[in-house]
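Got a structure here, written out as structure tokens. Questions coming.
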Amino acid sequence: MQFNTFISSIHDLERCVKARNLQEVLLEPIVLARQGQLSKAKVHDLARKAWQKELRPVLVWDLLMPERVMRTICDQLKDWQLSLFGAIRVCDPGAAYWLKIHCPEIPIQLIVETGNHNLEALQGWCEIFSASLERLVLSIELPEEKLIEYCQTLPVPCELLGVGPILLFYSPRSLLVNPLLERQNKETTEDIDSLYRFNPDSPLYLEATAAFADNPNRHFPTLETAHGTFMFLDKDQFILDRLDGLCEAGLHTVRLDLRHLSQEDNVAIDIDKICRQVLENPAKLRENWFRETRAPFFKANRTTALFSRMKSKLSEYRNDACLAEVMAGESGKYVVFYTWRSFEISQIQGMVLPTGEEIVPQDVVFRTINGEPVDTFEPEQLLVTDWIKKAVPGSLLLGKMS
């Protein structure tokens, strides 16, 4: 198992040289990376120096792009020395495919942290990018059991975040600048400086905290760059003391994301000390970590636990006893039914509402859409009645089981 981390300066690079088991550094240019702060020249310079120090530089291209933006970026990349990078990591499948076609000699590290949580999907990406695919960057939302299965089953090595911020929300929109500028017009510069700061090395790198009205004392780190707005949990992901099972399963790389602990232009502060502690005493490292730590999904992902309670109460009634469904209605005027099967009016026993409540309509007269009264019905027929109290779209008309 090896480590990797983000860097943005020669000082970061020197610390990485001293770090045990760290063989790879991640470089984020402004134009390609959502949180990037590095210029093209700076990225190229750090890549060259990384090779000289026997570290493998990886270019981060994690933007999700519309076609127009992607074409512009791909034109710009023609002037880059992409051969300087040991691999390129991408999030957008379009970017990955462009690399496969135009730079087949450069390995691809595919970021599948969002929307790719099942084995079949991951195996599909492995087939699509085949020989170009070097690694999959898996989601922290996968529990340990699934991570072990994937590491043992997938045909390419896997990477996982070992420590770092937990992203709660991302939008490509600008959500911070305008509200904070409006506030700046009302407050002193000193007040505003305590709320956020700009990084002069980036066209836009705005850091702030956000709180909710019902819990104003809990502050969530928030970031806006030229590529959008991010909100993070106020606690860090930390599984560095729980890696034994994953190591045995063959997890290839553990990412140490220290960007939120940056000082000046350095984003890999104390990386050499952290790597040593991970290998020697990870439990102590957790105790002394800079922020509170969590591993919310590692033992079990319970985000689906409420699905059974959210399931429609009508599902158990959709059987042979279901005669028709309410499609529309207007309070006090009419109700429209759609019949599911053949039946007679004498078979009707009641109606069940989406809430699960059962009612028994009294003296209901069914008419065709032409206004003709009927008491025998065929499948896929539209029927109209006078208003039935509580009837709403989705309510089911019930009869005797056949």
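Within the stretch 33-46, does at least one residue satisfy the condition of being touching a helix residue (DSSP H, G or I) at 6+ places or on another chain (Cβ under 7 Å) and assigned to a helix (DSSP H, G or I)?
Going residue by residue through the stretch 33-46, those that are touching a helix residue (DSSP H, G or I) at 6+ places or on another chain (Cβ under 7 Å) are 35, 44, 46.
Next cut, assigned to a helix (DSSP H, G or I) only: 44, 46.
Within the stretch 33-46 (the criterion being touching a helix residue (DSSP H, G or I) at 6+ places or on another chain (Cβ under 7 Å) and assigned to a helix (DSSP H, G or I)), the answer is yes, since at least one residue qualifies.
What about residue 124, is it among the small types (Gly, Ala, Ser) and more than 15 Å from the chain's Cα centre (by Cα)? Let's see the steps before the verdict.
Working: among the small types (Gly, Ala, Ser): yes; more than 15 Å from the chain's Cα centre (by Cα): yes.
When the stated conditions are applied, residue 124 passes them.
Test residue 236 against the criterion of being in contact (Cβ under 8 Å) with a residue 12 or more places away in the chain and either within 23 Å of the chain's Cα centre (by Cα) or assigned to a helix (DSSP H, G or I) (or both), and give yes or no. Quick ask: steps written out before the conclusion?
Numbers: in contact (Cβ under 8 Å) with a residue 12 or more places away in the chain: yes; either within 23 Å of the chain's Cα centre (by Cα) or assigned to a helix (DSSP H, G or I) (or both): yes.
So residue 236 fits the description; yes.
Another question about this same structure. Could you grab me the full set of residues in the stretch 260-279 that are open to solvent by 30 Å² or more (accessible area, probe 1.4 Å), at pLDDT 95 or above and not in a helix (DSSP H, G or I)?
Selection gives 270 alone.
Sort out which residues of the stretch 105-123 are assigned to a loop (DSSP other than H, G, I, E, B) and either modelled with pLDDT under 95 or open to solvent by less than 70 Å² (accessible area, probe 1.4 Å) (or both), and write them in order of number. Show your work before the answer.
Here is the first cut: in the stretch 105-123, the residues assigned to a loop (DSSP other than H, G, I, E, B) are 105-107, 112-118.
Across the stretch 105-123, the qualifying residues are 106, 107, 112, 113, 114, 115, 116, 117, 118.
Additional query: Of all the residues that make up the stretch 366-379, how many are touching a residue at least 12 places away in the same chain (Cβ under 8 Å), in contact with a strand residue (DSSP E or B) (Cβ under 6 Å, 6 or more places away or on another chain) and open to solvent by 70 Å² or more (accessible area, probe 1.4 Å)?
3
Which one is surrounded by the most Cβ atoms within 10 Å (Cβ to Cβ) among residues in the stretch 316-365 that are under 20 Å from residue 380 (Cα atoms) and small (Gly, Ala, Ser)?
Applying the filter and picking the extreme gives 324.
Kindly establish whether residue 64 is part of a loop (DSSP other than H, G, I, E, B) and at pLDDT below 95.
Considered against the rule, which asks whether it is part of a loop (DSSP other than H, G, I, E, B) and at pLDDT below 95, residue 64 comes out as yes.
Those residues that are in contact (Cβ under 8 Å) with a residue 24 or more places away in the chain, of a type outside the set (Gly, Ala, Ser) and in a loop (DSSP other than H, G, I, E, B), I need them from the stretch 334-365; list them, please.
If the condition is that a residue be in contact (Cβ under 8 Å) with a residue 24 or more places away in the chain, of a type outside the set (Gly, Ala, Ser) and in a loop (DSSP other than H, G, I, E, B), then 340, 341, 353, 354, 355, 357, 361, 364 are the ones that fit.
Which of the following residues is touching a residue at least 12 places away in the same chain (Cβ under 8 Å) and crowded, with 20+ Cβ neighbours inside 10 Å: 76, 37, 23, 2? Give the steps one after another, and end with the answer.
Values: 76 fails: crowded, with 20+ Cβ neighbours inside 10 Å; 23 fails: crowded, with 20+ Cβ neighbours inside 10 Å; 2 fails: crowded, with 20+ Cβ neighbours inside 10 Å.
Exactly one of 76, 37, 23, 2 is touching a residue at least 12 places away in the same chain (Cβ under 8 Å) and crowded, with 20+ Cβ neighbours inside 10 Å, namely 37.
The values are calculated or read from the model by the stated rules, or taken from the named source; none is laboratory data. Just so you know, these numbers come straight off a predicted model, no measurement behind them. Every residue, glycine as well, gets a Cβ built from its backbone with ideal geometry; the counts of neighbours run over all protein chains shown. The accessibility values were calculated without ligands, DNA or RNA, using every heavy atom of the protein model including side chains. Shrake-Rupley method; radii C 1.70, N 1.55, O 1.52, S 1.80 Å.
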